[in-house]
Amino acid sequence: MSGSRYIIPSLLVGGLFPMALYAKERPNIIYIMTDQQTATAMSCAGNVDLQTPNMDRLAAHGLRFPNAYCSLPLSGPSRASMFTGYTPSQIGMAENETPMPDSLRTRTLGTLMEQAGYETAYAGKWHVNTNSLPASHAFGFENLHGHNDNGLAESVVAFLRRPHSKPFFLVASFDNPHNICEYARCQNTPFAQLPEADLADCPNLPANFPVSPYDADVLTYEREQSYRLYPTRNYTPDDWRRYLNAYYRLVEHVDAEIGKVVDEIERLGLWENTVIIFTSDHGDGAAAHQWNQKTVLYEEVVNVPFVVCLPGGKNAGTVMPQLINNGVDLMPSICEWAGIKPPTGACGVSFCKVAESGNTQMEHQAYVVTETLFAQTGGTCGWMVRTPQYKYVLYEAGKNREMLYDMYCDRGEMRNLAVEAKYKEQLKRHRLLLLEWMKKHPTPGPYSITRFVPKH
């Protein structure tokens, strides 16, 4: 039955990796994901311009990590990182529509969990090359529902209601608030209805709506390459307010769909034996610095919601400051809860122990890195290094291609400390961290990406 406990056997699964050497209870694992949701687009994060009661319910039952970042702020690469355990550039998947290398197809997270004795199922947007899973059973998952938010929650509820003789790993992957892309292009939104709001009912502009005077000028170049992706470049402030209103309404719409799943979790008593993770593949500009879409390394785009609910409500309601990469860190974490070893070479850091501890002071990882590639426009690449206090951003070319921000007092990224002499040592420190990361995660090709890091 869905509420039962499951025991991990001491054996080899598929001959690929050992199971735990001792018997232990294995939880169900539910992974709920939205698309293009910034971390602050939840009322539990302090946003008063929207209401997300169901995301808030998850946060109340679990631990919220406000310093979680995606591997690359674009759907395909971000999801590839989640389900392979590698950075997108390492495996040549830094663009949308890139097929997974054959060498990885049998070592994805779904495949590993299936071989470990989990019942595995996937509902909704896949987007690791194909929008939906390419078959009724693919990458270790039973395909419950394709790329369509309509009926997605219902398919998840139907799966939860099945009798389960073994633990399950279930992914519920919603498309919204991604429909903001269609809204910006004045197209029909496929998975939500958005009546035009009165301007007086629209949120005010964010404090970081202006572009910083020392922002990277390459971003202006990239935005000018595609009107389809960036139709907002001629927006008035009122247009931006309507955009922001539409974005928040889409978040509320997907929150209601998530609520159907959370209601069923509650009805079946699954809180007691299930790890539930809620996140998004990347954020949206949300009018910050007058940016829509993704790909850029602004905080609104790379910082994503991240909630972990542990069985029995352990450490419920705790806000954890530790740094998380929701791409590469997912594989080792899920594997740890399942009692299996991740593949050799997977490069993330498990957040399992820090979540189980509930200790806000527990040391975790010293920094996380997000990379980017403007593959759909001018091809600029860039990197972000996030340490507890600072955020360092580097783009490969252009004026002001280096930026340094104090995240304690300037989360809106309006004061670029890289141009101030007194932060010279912090700038050097973060360059060295980026070099360290680049050497640990080499990219295919004849030229090392370390050449882009300034040496002075």
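Computed from the coordinates by the stated procedures, all read-outs in this text should not be read as laboratory data. In this text, all values refer to a predicted model and were calculated from it rather than measured experimentally. Virtual Cβ from ideal backbone geometry, glycine too; neighbours counted across all protein chains shown.
Name the long-range amide H neighbours of Val319: under 5 Å, sequence gap of 5 or more, or other chain; modelled H, no Pro or chain starts.
Residues meeting the criterion, in which the H sits 1.01 Å from N, are Arg64.
Evaluate the charge dipole of the stretch 369-452 about its Cα centre and quote only its size in Debye, nearest 20, assuming +1 on the Cβ of each Lys and Arg and -1 on the Cβ of each Asp and Glu.
Using only the charged Cβ atoms, the result is roughly 200 debye.
Please report, in debye to the nearest 20, how large the charge dipole of the chain is about its Cα centre when each Lys and Arg carries +1 at its beta carbon and each Asp and Glu carries -1 there.
With Lys and Arg at +1 and Asp and Glu at -1, about 1380 debye.
Please state, as a whole number in µm²/s, the translational diffusion coefficient that the Stokes-Einstein equation yields for the stretch 320-456 at 20 °C and 1.002 mPa s, with Rh defined as the Kirkwood radius across alpha carbon pairs.
Working: Rh = 16.6 Å.
Rounded, D is 129 µm²/s.
Report ³J(HN,Hα) in whole Hz for each residue of the stretch 446-455, in order, from the Karplus equation J = 6.51 cos²θ - 1.76 cosθ + 1.60 where θ = phi - 60°; Gly and Pro get x.
Per-residue couplings from phi come out as x, 10, 7, 6, 4, 5, 7, 7, x, 9 Hz.
Calculate how large, on average over all directions, the projected area of the Cα convex hull of the stretch 273-385 is; give the answer in nm² to one decimal.
Orientation-averaged projected area of the Cα hull: 8.6 nm².
What is the antiparallel percent of DSSP beta bridges lying wholly in the chain, to the nearest 5?
Numbers: 31 of 56 bridges.
Given both bridge residues lie in the chain, the antiparallel proportion sits at roughly 55 percent.
Starting from the Cα of Gln51, step 7 Å toward the Cβ, then list every residue of the stretch 241-268 with an amide N under 18 Å from that point.
245-260, 263
With a Förster radius of 35 Å, plug the Cβ-Cβ distance of Leu432 and Lys314 into 1/(1 + (r/R0)^6) and report the FRET value to the nearest 0.05.
0.40
Which ³J(HN,Hα) values in Hz, rounded to whole numbers, follow from the phi angles of the stretch 278-292 under the Karplus curve 6.51 cos²θ - 1.76 cosθ + 1.60, where θ = phi - 60° and Gly and Pro get x?
After applying 6.51 cos²θ - 1.76 cosθ + 1.60, I find 10, 7, 9, 6, 5, x, 9, x, 6, 6, 5, 6, 6, 10, 10 Hz.
With θ set to phi - 60° and the Karplus curve 6.51 cos²θ - 1.76 cosθ + 1.60, what are the ³J(HN,Hα) couplings of the stretch 183-197 in order, to the nearest whole Hz, using x for Gly and Pro?
Couplings: 4, 4, 8, 6, 9, 5, 8, x, 10, 6, 9, 10, x, 5, 8 Hz.
According to a simple spin-label model (label point 7 Å from Cα along Cα-to-Cβ), what is the distance in nm between Thr130 and Lys260?
With each label point 7 Å from Cα toward Cβ, the separation is 2.4 nm.
Taking 2.2 N^0.38 Å as the expected size of a compact globular protein, what ratio does the Cα radius of gyration of the chain give against it, to two decimals?
Details: Rg = 21.2 Å, N = 456, 2.2 N^0.38 = 22.5 Å.
Dividing the Cα Rg of the chain by 2.2 N^0.38 Å gives 0.94.
Over the alpha-carbon set of the stretch 234-338, work out the extent along each principal axis and list the three values in angstrom, largest first.
Answer, in whole Å and largest first: 51, 30, 21 Å.
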